[in-house]
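Worksheet: one structure, shown below.
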Amino acid sequence: MTKKPSPGRRPEEVINPTGEGRARRAGGRSTRLLGGPPLWLAVALFGLLSACARSPFDQNVIAKNSDFLVLTAGSGDTLESLAAQHLGDEKKGWVIAELNGIKRVRAGEEVVVPLKPISPAGMFNGGFQKIPILTYHRFTPGKSNCGRLAVSEDAFVAQMAYLRDRGFRVIDFKDLADFLAGKVVLPRKSVILSIDDGYKSVYEIAYPVLKRFDYPATIFVYSDFVGAGSGLTWKEMREMVDSGLIDIQPHSKTHSDLTLRLEGESEKAYRKRLAYELRHPADLIERKLGLPIHTFSYPYGAENEIVIEAAAEAGYTLAATVTRGGNPTFAHPLVLRRSQIYCGDSLKTFARRLQTFEKISLK
Ligand SMILES: [Zn+2]
């Protein structure tokens, strides 16, 4: 015996008999995001979505207020095209992806586009966002033997592929500065790549890999090392900067531990020396490469109150240590945490350096 379809009932009515069905689905979608955008969002969407007409094949804006736009995606729509059209920047596709819990847009699907930043401070139900910063030093070719702070090319490629395959987005220190100032929302899985000292192997080995993955990185150079045997040259730095992927920032002049006072050095002389260690490489980078200076990397990650004060006086917005961990929106901008990557690190160890969320218990 076969079941007869009910007469007069169109297929879409079976799938979606009333406007309430849509509202329920939207509610379900928001539920998946809990721990992400807050509950008020689900409530707001519920209100927005009632009384909407559905057009499954062409892009159709079905609701809009000053905070959100709800549309049904057309067949040619992608995350990037929707971001370009409604947010004015195709690179903001991730904003739509994260809010809707989707990886791509399907024709006929309801998509919510946030017109204002959501949770710019990175605070969510149950915890807060953290931005990990990875720190490399030297690189060795192929799978050759690495040294403690020299990562092999093969390991570096595997780590970059890990970031790509796990949906990480590589951002830079300017993005972090805006995040710490509460101005922007960053992708939930954001990470920053930094490379200290300015070894030539950065140009020879890491740079081609970064280009292949299209990942930005910041190289912190100490100016006395520039042009030395195994140090980068200004020409190599120029070429990397011109690619648009590489930023060069200061790592002092001499790479001495800035927290240590020389024997018999007065406080006045110490502060003067600090100012020179902080400003001299900055002035050189500005003059030789035309780059704005914003972030300092403390040699050996060593800082104290006097050094931090000197960094602020020298005009730095951000400064980084090598204390392991990520940076929430309330991190001290001149005492940023970074995690060093060592030659023997397995991908499992590498993954542990990429924590982007810290749970907080309200009990
Ligand atoms: Zn260093």
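The values are calculated or read from the model by the stated rules, or taken from the named source; none is laboratory data. Note that the coordinates shown come from a computational prediction; the quantities given were computed from them, not determined experimentally. Note: ideal-geometry Cβ built from the backbone for every residue, glycine included; neighbour counts use all protein chains shown.
So, in the range 300-327, of the ones that are touching an Asp or Glu at 6+ places or on another chain (Cβ under 7 Å) and surrounded by fewer than 20 Cβ atoms within 10 Å (Cβ to Cβ), which residue ends up nearest to Leu163 (Cα to Cα)?
Ranking the candidates gives Tyr300 first.
Regarding Ser243, is this residue away from the ligand (no atom under 15 Å from the Cβ), among the polar types (S, T, N, Q) and within 30 Å of Ala155 (Cα to Cα)?
It is true that Ser243 is away from the ligand (no atom under 15 Å from the Cβ), among the polar types (S, T, N, Q) and within 30 Å of Ala155 (Cα to Cα).
Name the residues in the range 76-102 that are within 19 Å of Ile171 (Cα to Cα), in contact (Cβ under 8 Å) with a residue 60 or more places away in the chain and surrounded by fewer than 20 Cβ atoms within 10 Å (Cβ to Cβ), would you?
Of everything in the range 76-102, those that are within 19 Å of Ile171 (Cα to Cα), in contact (Cβ under 8 Å) with a residue 60 or more places away in the chain and surrounded by fewer than 20 Cβ atoms within 10 Å (Cβ to Cβ) turn out to be Trp94, Glu98.
Run down Glu236, Glu277, Glu265 and say which single residue is within 14 Å of the ligand (Cβ to nearest atom) and free of Cβ contacts under 8 Å to residues at least 40 places away in the same chain.
Glu277
Being within 16 Å of the ligand (Cβ to nearest atom), of a type in the set (Ser, Thr, Tyr) and either within 25 Å of Asn327 (Cα to Cα) or outside the structural domain of Arg324 (by TED's automatic domain parsing) (or both) is the filter here, so list the residues in the range 174-229 that pass it.
Ser194, Thr218, Tyr222
Does Asp257 satisfy the criteria of being within 12 Å of the ligand (Cβ to nearest atom), surrounded by 19 or more Cβ atoms within 10 Å (Cβ to Cβ), charged (D, E, K, R) and outside any helix (DSSP H, G or I)?
Taking the combined requirement at face value, the residue does not satisfy it.
Going by what's in this entry, would Leu41 be described as closer than 30 Å to Ala181 by Cα, surrounded by 20 or more Cβ atoms within 10 Å (Cβ to Cβ) and at pLDDT 75 or above?
No; evaluated as a whole, the condition is false for this residue.
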